[in-house]
Amino acid sequence: MYRTTDGGVNWTDVSPDPPFPGEFDTFTSVAYAPSDASIVYVASAEAVYRSSNGGSTWTRYAGAYGAPYGPEGIRSGVPIDMVVDPDDPDVLYINNYGGGVFKSTDGGQTWIVRSMGYTGADINQVAVKPGDPNTVLVNGRSGAFYSKDYGVTWDGQANGLGAIPEGMAAVFDPSDATGNTRLISDERQGFILRSTDGGSSWKKVLEIAEVNEGNPHGARRIVFSTGDVSVVYAGFAASNLFSDPHEIGFASSFGVWKSVDGGVTWFDSNGNLPSPTSGRNVTSIAISYQNDDIVYVGLREGGIYKTIDGGTTWTHVTNQAENNWQDIWPSGDPLRRDSFLSLSISPDDDNVVYAGTNIRGLYKTTDGGASWTQIVPESELIPFASEDHVHIFDVKVNPTDSTEVYIGEWHSGMYRSTDSGATWKRINSGLSTRAVQTVDFSDDGKTVYVGTKGEGVFLSGEGLFQDNNGDPNGGGGDPNAENFGLVVVSPSNTTTF
C-alpha cells in the first residue's frame, strides 16, 4: 500500500503490517471515504484495515481466532473493489473474488451479506437431504453452503476447519434425520471434514499425509450407500483436474477410500486398482442399491473399474467401449479418449449403469460392464453446444423411476430421458448457463437440483416440465426440447429469483 501527497511524483510505503504468521502481505482493494478524506480502507484476503489519519496508522478487523474478515460462516474471498457511502464513512461495501458482496455499517468491524440477486458461484457438488427435498447442501469454489428452504436463503458452512477455499464434495449422512451430520472436502488439502452440528464446527476424519502445497489433491466425490448407510466411499483426484477437461499429465492420485462407520474413520480401498502415471484420479462413484459391495468408479484416465467385494479387488469393465474410440481429433490434441467423468446406477438393477464421458457422449451397460452401447453420441450434443466438443460432467437416474435419466453437459446444458435413455429432450429453459457440473435428485424423485460453473444452483420440481418449442432458451424450435423449470437458488452468498 503506497501513498503520494504530491500528485504521484513521490510515493511512501504505508502498508499495514500483517500481525499473523502466514497472512498475505497483498492488499487488493483500497477506498477513501468521500465525506472524510482522512478515512481510508485497505483490504486483503485476510482482513480489512481502517485508517483515520490518511494511512499513517491502521486498525485491523478480521474474524475471531485468526479467521478472515466477513460474515459469520462465509468465506470472504479476495477483495476486488470497495466503496464507502458518500455520507457515512463507517458504511462500506466490498466485492470479493470467491466470496460475495458484503456490507459493513461499523467501519469494517462486522459484515453482512448483500449479494441478493446475483451470483458467480462455481458449484462442484450439490446434495439433497434424504427425506427433505427443500434442504440442500452444496460445495464449490466459495466453500460449502446449506439451505433448508429450496435455496431462498443460505447459511455458510465456513466455520472453523470448514473455512476452506476450493470446496469439492458435499453430502448428508442419511442416518441422521436432522441433517446435521454431513461431510465435505476441498480440492487441494487432501482431507475430509465431518460435522455433527449442522456445520457450526468441523472435524478432520481423513487426512492424506502425502498431500501438501506442492502435491495438492482432494476428494472429488463422497457417496453414501443407500442400503447400509454406514458405508461411504470417497474418490480422490489431483487438484485442478476438473477446471479444464482438456488438460493432461496430472499426478497419480489416491484413488478410492472407504468408511464403514458413516465417515468417522477411513481406510484405503484401492485393492488392485492400477496406478500408472496420472492414474487413480477418481471422477465418479456409483454404489449398487442392492449390494454395498458392488461399486463402479470412473477414472480420469483408464476407464471404469468395478468391484463386487467392497474394494478388495477391481476389474476393468470398459475395454469394449474404449476399443471403439477411434482417434477423430487432430494429432497432438490434448483431449483424452479414455476419460469417464460421471456414473449413475439404476435403482432396480446394478447391472444397468450410465457413463458420461469427456468427449464421447453417453454410454450404457445392461450387463454389469461386459458390453457398452453409446446411447447419446457426441454428434447429437455438439450442434447445441457452445464449443465443438462436449463433456458430460454428471448423469443421474431418478431413484424412484429407473426410466428417467438426466445428463448435465458443460457446453449444452441439461437433457432428460423418460425411456431409459432411448430418446432425449433438452430442458434448458430457465437455465441461464449451459455449464452444468453436478446434478442431484431428492429421494422421492420429484425435485432436481443442478450446480453450474459460475452461475450457482438451479432447481426444477414436479409439474414444472412443459413443452417449450419456441423458447430460444429451451429448444429454439427443437421438437425434442422442453422446459427445465424454475430458476430458484444460488449460493456463494447469493440468492437468485
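The values are calculated or read from the model by the stated rules, or taken from the named source; none is laboratory data. Because the structure is predicted, anything quoted here is derived from the model rather than measured. Virtual Cβ from ideal backbone geometry, glycine too; neighbours counted across all protein chains shown. Accessible surface is based on the protein model in full, side chains and every heavy atom, while ligands, DNA and RNA are left aside. Shrake-Rupley method; radii C 1.70, N 1.55, O 1.52, S 1.80 Å.
Six or more apart or on different chains, Cβ under 9 Å: which pairs go from a residue in region 249-276 that's in contact (Cβ under 8 Å) with a residue 60 or more places away in the chain to one that's among the basic types (Lys, Arg)? Could you list them?
If the second residue must be among the basic types (Lys, Arg), the pairs left are 254/280; 262/194; 263/194; 264/194; 266/258.
Answer yes or no: is there a residue in region 54-76 that is of a type in the set (Val, Ile, Thr) and touching a residue at least 60 places away in the same chain (Cβ under 8 Å).
Scanning region 54-76, I find at least one residue that is of a type in the set (Val, Ile, Thr) and touching a residue at least 60 places away in the same chain (Cβ under 8 Å), so the answer is yes.
Being at pLDDT below 95 and within 23 Å of residue 409 (Cβ to Cβ) is the filter here, so list the residues in region 222-237 that pass it.
237
Return the residue satisfying two criteria in turn: it lies in region 6-17 and is more than 16 Å from residue 31 (Cα to Cα) and in a loop (DSSP other than H, G, I, E, B), and of such residues it is least open to solvent (accessible area, probe 1.4 Å). Give the derivation first.
Taking region 6-17 first, the residues more than 16 Å from residue 31 (Cα to Cα) are 6-13, 17.
Okay, now just the ones that are also in a loop (DSSP other than H, G, I, E, B), so 6-11, 17.
Numbers: 6: 62, 7: 82, 8: 32, 9: 110, 10: 94, 11: 147, 17: 130 Å².
Once the filter is applied, the top-ranked residue is 8.
Go through the residues of region 34-42 one by one and say whether even a single one is closer than 30 Å to residue 155 by Cβ, touching an Asp or Glu at 6+ places or on another chain (Cβ under 7 Å), surrounded by 16 or more Cβ atoms within 10 Å (Cβ to Cβ) and not acidic (Asp, Glu). Steps first, answer last, please.
Taking region 34-42 first, the residues closer than 30 Å to residue 155 by Cβ are 41-42.
Pick out the ones that are also touching an Asp or Glu at 6+ places or on another chain (Cβ under 7 Å) and you get none.
So far as region 34-42 goes, no, none of its residues is closer than 30 Å to residue 155 by Cβ, touching an Asp or Glu at 6+ places or on another chain (Cβ under 7 Å), surrounded by 16 or more Cβ atoms within 10 Å (Cβ to Cβ) and not acidic (Asp, Glu).
Here are some residues: 228, 197. Which one is of a type in the set (Asp, Glu), in contact (Cβ under 8 Å) with a residue 40 or more places away in the chain and assigned to a loop (DSSP other than H, G, I, E, B)? Explain how you work it out, then say what you get.
Working: 197 fails: in contact (Cβ under 8 Å) with a residue 40 or more places away in the chain.
Of the residues listed, the single one that is of a type in the set (Asp, Glu), in contact (Cβ under 8 Å) with a residue 40 or more places away in the chain and assigned to a loop (DSSP other than H, G, I, E, B) is 228.
Can you report the number of residues in region 228-240 which are out of contact with any Ser or Thr (no Cβ under 8 Å at 6 or more places or on another chain) and not hydroxyl-bearing (Ser, Thr, Tyr)?
2
Got a number for residues in region 122-169 being small (Gly, Ala, Ser) and under 8 Å from the mean Cα position of the chain (by Cα)?
Qualifying residue count for the region: 3.
Being open to solvent by 10 Å² or more (accessible area, probe 1.4 Å), over 23 Å from residue 441 (Cβ atoms) and modelled with pLDDT under 95 is the filter here; which residues of region 337-372 pass it?
Selection gives 337, 338, 360, 370, 371, 372.
Among the residues of region 400-415 satisfying the criterion of being open to solvent by 10 Å² or more (accessible area, probe 1.4 Å) and out of contact with any strand residue (DSSP E or B) (no Cβ under 6 Å at 6 or more places or on another chain), which is farthest from residue 445 (Cα to Cα)?
Top of the filtered list is 411.
Residues that are more than 27 Å from residue 397 (Cα to Cα), touching a His at 6+ places or on another chain (Cβ under 9 Å), modelled with pLDDT under 95 and open to solvent by less than 20 Å² (accessible area, probe 1.4 Å): does region 240-255 have at least one?
Yes: one or more hits.
For region 24-50, which residues satisfy the criterion of being in contact (Cβ under 8 Å) with a residue 24 or more places away in the chain and either farther than 22 Å from residue 100 by Cα or not in a strand (DSSP E or B) (or both)?
Step one: filter region 24-50 for residues in contact (Cβ under 8 Å) with a residue 24 or more places away in the chain, giving 27-36, 39, 41-50.
If the condition is that a residue be in contact (Cβ under 8 Å) with a residue 24 or more places away in the chain and either farther than 22 Å from residue 100 by Cα or not in a strand (DSSP E or B) (or both), then 27, 28, 34, 35, 36, 39, 44, 45, 46, 47 are the ones that fit.
Scan region 202-215 for residues that are open to solvent by 30 Å² or more (accessible area, probe 1.4 Å) and not acidic (Asp, Glu) and jot them down. Even if it seems obvious, please write down each step before you answer.
Here is the first cut: in region 202-215, the residues open to solvent by 30 Å² or more (accessible area, probe 1.4 Å) are 203-204, 207, 209-210, 212-215.
Answer for region 202-215, where residues must be open to solvent by 30 Å² or more (accessible area, probe 1.4 Å) and not acidic (Asp, Glu): 203, 204, 209, 212, 214, 215.
Mind listing whichever residues of region 274-285 are more than 16 Å from residue 219 (Cβ to Cβ) and either polar (S, T, N, Q) or open to solvent by less than 10 Å² (accessible area, probe 1.4 Å) (or both)?
First, the residues of region 274-285 that are more than 16 Å from residue 219 (Cβ to Cβ): 274-279.
275, 277, 278, 279 - these are the residues of region 274-285 that are more than 16 Å from residue 219 (Cβ to Cβ) and either polar (S, T, N, Q) or open to solvent by less than 10 Å² (accessible area, probe 1.4 Å) (or both).
Does region 124-143 contain at least one residue that is in a loop (DSSP other than H, G, I, E, B), free of Cβ contacts under 8 Å to residues at least 24 places away in the same chain and open to solvent by 50 Å² or more (accessible area, probe 1.4 Å)?
There is no residue in region 124-143 that is in a loop (DSSP other than H, G, I, E, B), free of Cβ contacts under 8 Å to residues at least 24 places away in the same chain and open to solvent by 50 Å² or more (accessible area, probe 1.4 Å).
Residues 147, 175, 115: which one is modelled with pLDDT under 95 and closer than 30 Å to residue 261 by Cα?
147
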